[in-house]
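Report on the structure given below.
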Amino acid sequence: MTNYGWIGLGNMGGPMTANLVKAGHRVRAFDLNPEACAAAAAEGVEIVENIAAAVLDAEVVFTMLPKGEHVRSVFDGPEGIWANAKTSTLLADSSTVDIETSRFCHEQSAARGFRFVDSPVSGGISGAAAGTLAFMLGGADDAVRDATGFIEPMSGKVIAAGAATAGIAAKICNNMMLFIDLMAASEGSQLAEHLGLDPQVFWEIASVSSARSWAQQTWYPVPGIVPTSAANHNFDATFRVDLARKDIGLALQAGIATGVKLPAAGLVREHLDALIDEGLADKDCSLIVKQVSPDGSVRGYLPESS
Ligand SMILES: NC(=O)c1ccc[n+]([C@@H]2O[C@H](COP(=O)([O-])OP(=O)(O)OC[C@H]3O[C@@H](n4cnc5c(N)ncnc54)[C@H](O)[C@@H]3O)[C@@H](O)[C@H]2O)c1
């Protein structure tokens with residue numbers, strides 16, 4: 001049995017910690033949101049009242065938080081992880097953050113005698129629940145090797161991406177491709193429907209043809225086709241619009257830093273920004289499909305006010 005410390009029990013952290021408990025481990029966790037805490041407690045996660053209590057005696061601490069600013073605040077300061085964990089504790093951040101935040105965590109951890117691994121994940125809420133997430137790790141070889149063992153109950157595949165920040169760099173590139181694929185599935189699904197194709201038949205054709213993608217298989221934005229699609233639940237979030245906007249922004253930021261031109265990512269950002277301007281930041285990112293329908297209405301979505 002391993003003692004895990006955990007900060008962040010949201011859509012991802014909740015099911016990930018549930019899998020650790022199912023595998024027989026002890027998880028002490030902290031989250032600011034009482035509802036998230038109650039849901040995790042029902043799965044056997046021990047809820048504690050602050051970060052210090054979560055990291056006390058942990059062999060490994062994972063953070064699963066929305067953005068870089070949350071990660072920095074949870075690690076830093078007198079209430080944070082660095083001030084309260086033992087330096088023998090391995091630290092792993094699985095949030096999707098900017099490369100600068102990840103570098104800050106690596107450098108500041110090393111300066112304080114900690115080992116840190118950037119360990120972002122791919123596979124969405126369904127992968128988190130099934131324990132099949134793909135983890136991509138960046139850091140020193142020994143830290144990555146140890147992190148791999150701790151990750152095992154939550155994962156279908158762990159890949160060592162390289163040195164510090166290589167995991168997060170891979171994640172940023174992956175998610176940029178995902179959201180471009182989602183845009184493609186959105187445009188394809190709407191054009192197919194408006195050309196009179198049966199949505200189920202077209203999805204089956206795409207599934208065995210060259211349009212197949214993870215987005216098309218898992219998030220297809222048409223109701224009644226894919227069980228894991230948010231379109232079956234009025235586009236309630238499995239992956240929120242604002243988090244998708246964050247990820248595409250991280251890719252565009254990296255594009256500016258490297259000089260790589262990313263026109264398709266820029267287009268996705270425009271559409272996500274339009275949804276946020278409409279007050280839909282909390283809905284599922286696959287609602288991007290609304291942007292391409294002729295009149296902004298899509299099957300499976302009823303605006304709150306109607
Ligand atoms: N949802 C997905 O499909 C998915 C997939 C892969 C990666 N990610 C990434 O994983 C991270 C988490 O995603 P999520 O969907 O679980 O987000 P979420 O918003 O559902 O959960 C984040 C949790 O962090 C908690 N939190 C925020 N600040 C805190 C603090 N200072 N102390 C303690 N708790 C705090 C919130 O209360 C919330 O419960 C994000 O970086 C996201 O980009 C998400």
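Please treat every number below as a calculation from the coordinates, not as lab data. The shown structure was predicted, so the numbers you read here are calculated from the model rather than taken from an experiment. For neighbour counting, all protein chains shown are included, and Cβ atoms are generated from backbone atoms with ideal geometry for every residue, glycine included.
Observations
Results for (1) farther than 17 Å from residue 187 by Cβ; (2) in contact with a helix residue (DSSP H, G or I) (Cβ under 6 Å, 6 or more places away or on another chain); (3) among the hydrophobic types (A, V, I, L, M, F, W, C), shown as yes or no for each residue.
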{"site": "216", "(1), (2), (3)": "no, yes, no"}
{"site": "223", "(1), (2), (3)": "yes, yes, no"}
{"site": "228", "(1), (2), (3)": "yes, yes, no"}
{"site": "255", "(1), (2), (3)": "yes, no, no"}
{"site": "260", "(1), (2), (3)": "yes, no, yes"}
{"site": "270", "(1), (2), (3)": "no, no, no"}
{"site": "275", "(1), (2), (3)": "no, yes, yes"}
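- Residue selected from the stretch 70-100 under the condition among the β-branched types (Val, Ile, Thr) and within 10 Å of the ligand (Cβ to nearest atom), by the criterion surrounded by the most Cβ atoms within 10 Å (Cβ to Cβ): 97
- The set of residues from the stretch 54-89 being within 18 Å of residue 111 (Cβ to Cβ), in a loop (DSSP other than H, G, I, E, B) and out of contact with any Gly (no Cβ under 8 Å at 6 or more places or on another chain) comprises 76, 77, 78, 80, 86, 88.
- Candidate set: the stretch 102-145, residues that are part of a helix (DSSP H, G or I), among the polar types (S, T, N, Q) and surrounded by fewer than 22 Cβ atoms within 10 Å (Cβ to Cβ); chosen: the one farthest from the ligand (Cβ to nearest atom): 108
- The residues on offer are 184, 170, 166, and the sole one that is within 13 Å of the ligand (Cβ to nearest atom), out of contact with any helix residue (DSSP H, G or I) (no Cβ under 7 Å at 6 or more places or on another chain) and within 25 Å of residue 252 (Cβ to Cβ) is 170.
- Residues of the stretch 1-29 satisfying the condition of being farther than 19 Å from residue 57 by Cα, surrounded by 20 or more Cβ atoms within 10 Å (Cβ to Cβ) and more than 10 Å from the ligand (Cβ to nearest atom): 18, 19
- Filtering the stretch 30-52 to residues that are within 12 Å of the ligand (Cβ to nearest atom) and out of contact with any helix residue (DSSP H, G or I) (no Cβ under 7 Å at 6 or more places or on another chain) leaves 32, 33, 34, 35, 37, 38, 49, 50.
- Residue count for the stretch 249-266 under the criterion of being touching a residue at least 40 places away in the same chain (Cβ under 8 Å) and either within 11 Å of the ligand (Cβ to nearest atom) or part of a loop (DSSP other than H, G, I, E, B) (or both): the result is 2.
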